[in-house]
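The values are calculated or read from the model by the stated rules, or taken from the named source; none is laboratory data. Since this is a predicted model, take the numbers as computed values, not measurements. Neighbour counts are summed over all protein chains in view; Cβ atoms, including those assigned to glycine, are modelled from backbone coordinates with ideal geometry. Surface areas here come from the heavy atoms of the whole protein model, side chains and all, with no ligands, DNA or RNA. Shrake-Rupley method; radii C 1.70, N 1.55, O 1.52, S 1.80 Å.
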Amino acid sequence: MELVYTHENKMLVENAKNMLELAGIEPHMKNEFAQGAAGDLVPNETWPELWVLNEDFEKAQAVVKVLNEKMTGEDWTCASCHEANASTFEICWNCQTERVIK
Ligand SMILES: [Zn+2]
């Protein structure tokens, strides 16, 4: 198993997990419930982590790379209903129209 993604924000880890699953990879989440019970642990050690099988690692890395690029991207406006969407959204939150990558 290889660690492919970790972040302190569990929402982002969940999002990455979904992306990996869409790519046909089965990620395993660790530390999913560790947050809030950290105590004296170094915070970094309780971040949720996504692990994948070694054979899936390269593919998973590519998925995460795309994800990271999107995360640093800008918000986008839906071509259909003109609502503003966060850069991490794949579909419009309002009308479910797929994001068009320019
Ligand atoms: Zn829309």
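Table for the structure above
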read-out: GNM result for the chain, Cα springs below 10 Å: residue of 79, 60, 23 fluctuating most strongly; value: 79
read-out: Cα-based helix-to-principal-axis angle, 57-71 vs the chain, degrees rounded to 10; value: 50 degrees
read-out: Net lengthening on full extension, residue 79/residue 11 (0.36 nm per residue, minus Cα-Cα); value: 21.9 nm
read-out: Chymotrypsin sites (Phe, Trp or Tyr not before Pro), loop per DSSP, at most 16 other Cβ atoms within 10 Å - longest free stretch of the chain; value: 34-88
read-out: Residue-averaged [θ]222 nm for the chain, counting only DSSP H segments that reach four residues, each worth -39500 (n - 2.57); value: -9000 deg cm²/dmol
read-out: Residue 97-residue 3 FRET efficiency (beta carbon distance; Förster radius 30 Å; 0.05 resolution); value: 0.30
read-out: Residue-normalised accessible area of the chain, given per residue in Å² at a 1.4 Å probe; value: 67 Å²
read-out: Of 77, 46, 88, the one that fluctuates the most in a GNM where the chain has Cα springs shorter than 10 Å; value: 77
read-out: For q = 0.10, 0.17, 0.20 Å⁻¹, Debye-computed log10 I/I(0) when each Cα of the chain counts as one equal scatterer; value: -0.33, -0.82, -0.99
read-out: Apportionment of accessible area to carbon and sulfur, the chain, percent (1.4 Å); value: 52 percent
read-out: Degrees separating the helix 10-22 axis from the principal Cα axis of the chain, which is the longest one; value: 70 degrees
